[in-house]
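Peer 1: Before I ask anything, let me first share the structure, which is written out below as structure tokens.
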Amino acid sequence: MSEIRDPFTVSPIHRLGAGTKLVALAVVASGIMLLGDWRELVVVLAVALGLYRVAKIPMRQAYQQISPLKWLLVLIFVVQGFIESWDLAAMVVLRIAALALLAMLVTLTTR
């Protein structure tokens, strides 16, 4: 008799232990803070979204996870842009978005 599996729990990310995911999140967060170009952070954001695909979590759900932050991210971008520079504003917003998506991915894939 074949075992019925939930399609959302058969990904490699779901199979990782909670501790492993949290350590990976801490390491990645530290690495993100060392990046100094907004283009590098766009790549990190793309990788974070790619991990949602690997975890078989629909992009719609990824959007729903980041959606509550969108107006705060817009506000931070505008304020940072006027006070410092638009490059720095992009870096700050991309860092927050990538870290939030990664943290939410850990939450969504851990039981």
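Since every read-out is calculated from the coordinates, none of them should be taken as a lab result. Computed from a predicted structure; not experimentally measured. Note that we place each Cβ from the backbone using ideal geometry, even for glycine, and neighbour counts take in every protein chain shown.
Peer 1: Collect the residues in the stretch 19-46 that are surrounded by fewer than 13 Cβ atoms within 10 Å (Cβ to Cβ) and over 16 Å from THR110 (Cβ atoms), keeping them in residue-number order.
Peer 2: Within the stretch 19-46, VAL27, SER30, GLY31, MET33, LEU34, GLY36, ASP37, ARG39, ALA46 meet the criteria.
Peer 1: Yes or no: ARG111 in a helix (DSSP H, G or I) and surrounded by fewer than 18 Cβ atoms within 10 Å (Cβ to Cβ)?
Peer 2: In short, no.
Peer 1: Assuming ASP37 fulfils every condition listed in (1) without any contact (Cβ under 8 Å) to a residue 24 or more places away in the chain; (2) touching a helix residue (DSSP H, G or I) at 6+ places or on another chain (Cβ under 9 Å) apart from one, which condition is it?
Peer 2: Of everything listed in (1) without any contact (Cβ under 8 Å) to a residue 24 or more places away in the chain; (2) touching a helix residue (DSSP H, G or I) at 6+ places or on another chain (Cβ under 9 Å), ASP37 misses just condition (1).
Peer 1: Sticking with this structure for a sec: Kindly state which helices (runs of 4 or more DSSP H) lie completely within the stretch 4-66 and contain at least 3 residues that are under 13 Å from the mean Cα position of the chain (by Cα).
Peer 2: 18-34, 38-54, 59-66
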